[in-house]
Amino acid sequence: MKRILLGGLAMLAAAGLSTAASAQGTIKIGVIAAYSGQFADTAAQIDNGIKLYMKQHGDTVAGKKIEIIRKDTGGPNPDVAKRLAQELVVRDKVDILAGFTLTPEALGAAGIATEAKKLLVDMNAATSIVTEKSPYIVRTSVTLAQISETAGTWAATKGGVKKVYTMVSDYGPGLDAEAGFQKAFKAAGGQVVGSVRMPVANPDFSAFVQRAKDLNPEAIFIFIPGGAQPAALGKAFAERGIDPKKIKIISTGEAVDETALKALGDLGLGRISVWHYDYNLPSKTNQAFVKAFNADFKRNPDFFAVGAYDGMHLIYEALKKTKGKTDGDSLLAAAKGMKWESPRGPISIDPKTRDIVQNVYIRRVEKVNGKLVNVVFDTVKDVKDPTHK
């Protein structure tokens, strides 16, 4: 029994020494994302944001080498994310968890972050509850409530809209977008004349669009995932004779992102969207970011990339403040209240909620130099997630 006890103590001591040795020379960041499957491009853009930040700022902080260890969830699977987070903490001895393509991944890893007292940087998952699931989570992306409630208030108070119809995809983010928009729109004096929740997988939009048209609203608010759906919905609007100049079409950013506009063509003209980042933002910080991103990856950055780029900024600056200390409590204290100039504009971390505070832009699709782009015509500054108590 004595030999077993001493052996166990020796193993624990060896593990402690190995962690201490690692802490002296290397800081390990475990990145969990859907590197394969239908969300692989999202994960690729998150990874591109990480790579560009490290290229620009070096791979050493506070005298310690930064090492990235990547783990693939294959999709929105919370159980896989939990297992990978556990592996990263126990086997790979990571100091920080980061990434998270989708909300289920972040929720899966949250408990591990709490148990191990590790900082978890959410670089993309956008459901409001994420930061409430562990006191060690900090978000550098966006929440759908930030966007949809801003859209609802703007539509009723500045968009000249009193009657609206809402169309959303029938899954978590869509329901968040619907609830946020409707709540804010009604609070600002607007009337929701109808709503529909559409299947996430390959819906035929024509019947849904006809239902909206029959009610003759002044505007239609939509939330659908990126990919093939924005063009299909745009085509259905055109076939049913809905003109964005007569009935305003208002959406979150996914429905009119760069890929969607290429597919929509002139059907996108006049569409209004509410979003936190676009590669066309005219600031010098963003122009430099876009130029560097294009040089390295031969494509424009999107909101996935900027969320990860800013996530790395938060990690680097927190490590500088702690002089390389990597315990979760020290890094969390360093991250709370942090402010900086991002490619998307001025951002900060709310010290109370650990969530991002940022500008939200109101944009219209216009043709500029023969190219369809989202042109900002109004800005709502310093928007917090409205659902946190």
*Report yes if A116 is in contact (Cβ under 8 Å) with a residue 60 or more places away in the chain and surrounded by fewer than 24 Cβ atoms within 10 Å (Cβ to Cβ), otherwise no.*
yes
_Being closer than 17 Å to G49 by Cβ, among the aliphatic types (A, V, I, L, M), in contact with a helix residue (DSSP H, G or I) (Cβ under 8 Å, 6 or more places away or on another chain) and not assigned by TED's automatic domain parsing to the domain that holds K235: is that true of V306 here?_
yes
*asked:* I224 - would you say it is touching an Asp or Glu at 6+ places or on another chain (Cβ under 8 Å) and of a type in the set (A, V, I, L, M)?
replied: yes
*asked:* Restricting to region 59-91, name every residue that is in a helix (DSSP H, G or I) and among the hydrophobic types (A, V, I, L, M, F, W, C).
replied: V80, A81, L84, A85, L88, V89, V90
*Can you pull out the residues in region 154-168 that are part of a helix (DSSP H, G or I) and buried (at least 23 other Cβ atoms within 10 Å of the Cβ)?*
A155
*asked:* As an exercise: evaluate A260 against (1) assigned to a loop (DSSP other than H, G, I, E, B); (2) on the phi < 0 side of the Ramachandran plot and give the number of the one condition it does not meet.
replied: (1)
*Is it the case that region 189-206 has a residue that's out of contact with any helix residue (DSSP H, G or I) (no Cβ under 8 Å at 6 or more places or on another chain) and either in the same structural domain as A85 (by TED's automatic domain parsing) or closer than 30 Å to A318 by Cα (or both)?*
no
_Residue match in region 133-142 (condition: hydrophobic (A, V, I, L, M, F, W, C), within 19 Å of the chain's Cα centre (by Cα) and closer than 23 Å to R364 by Cα)_ = yes
_Residues of region 134-151 satisfying the condition of being modelled with pLDDT of 95 or more and assigned to a loop (DSSP other than H, G, I, E, B)_ = S134, P135, Y136, T140, S141, V142
*A126 passes all but one of (1) part of a loop (DSSP other than H, G, I, E, B); (2) modelled with pLDDT of 95 or more; (3) of a type in the set (A, V, I, L, M, F, W, C); which number fails?*
(2)
_Based on this model, can you work out whether V290 counts as in a helix (DSSP H, G or I), at pLDDT 95 or above and β-branched (V, I, T)?_
yes
*Hey, among D95, D59, D47, which residue is acidic (D, E) and surrounded by fewer than 20 Cβ atoms within 10 Å (Cβ to Cβ)?*
D59
*What are the residues in region 215-241 that are surrounded by fewer than 20 Cβ atoms within 10 Å (Cβ to Cβ) and in contact with a strand residue (DSSP E or B) (Cβ under 9 Å, 6 or more places away or on another chain), if any?*
L215, N216, E218, P225
_Please count how many residues of region 169-209 are surrounded by 15 or more Cβ atoms within 10 Å (Cβ to Cβ) and not in a loop (DSSP other than H, G, I, E, B)._
25
*Within the set of pairs 6+ apart or on separate chains, which have a first residue in region 85-98 that is on the phi < 0 side of the Ramachandran plot, a second that is among the aromatic types (F, W, Y) and modelled with pLDDT of 95 or more, and C-beta atoms under 9 Å apart?*
L97/Y136
*Quick one: Y309 ticks every box in (1) in a helix (DSSP H, G or I); (2) closer than 19 Å to K118 by Cα; (3) among the hydroxyl-bearing types (S, T, Y) except a single one, so which number is it?*
(2)
*With (1) surrounded by fewer than 17 Cβ atoms within 10 Å (Cβ to Cβ); (2) assigned to a loop (DSSP other than H, G, I, E, B); (3) of a type outside the set (S, T, N, Q) as the list, and A333 as the residue in question, which single condition is left unmet?*
(2)
*Evaluate the following for L269: is it closer than 23 Å to I242 by Cα, in contact (Cβ under 8 Å) with a residue 24 or more places away in the chain, surrounded by fewer than 17 Cβ atoms within 10 Å (Cβ to Cβ) and in contact with a strand residue (DSSP E or B) (Cβ under 7 Å, 6 or more places away or on another chain)?*
yes
*Can you name the residue in region 372-389 that is of a type outside the set (D, E) and out of contact with any helix residue (DSSP H, G or I) (no Cβ under 9 Å at 6 or more places or on another chain) and is also surrounded by the fewest Cβ atoms within 10 Å (Cβ to Cβ) among such residues?*
K389
*Looking only at region 208-264, which residues are within 23 Å of the chain's Cα centre (by Cα) and charged (D, E, K, R)?*
E254, D257, E258, K262
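The values are calculated or read from the model by the stated rules, or taken from the named source; none is laboratory data. What you see is a predicted model, and the numbers here were worked out from it, not measured in a lab. Methodologically, a virtual Cβ is constructed for each residue, glycine included, from the backbone with ideal geometry; neighbour enumeration extends over all protein chains shown.
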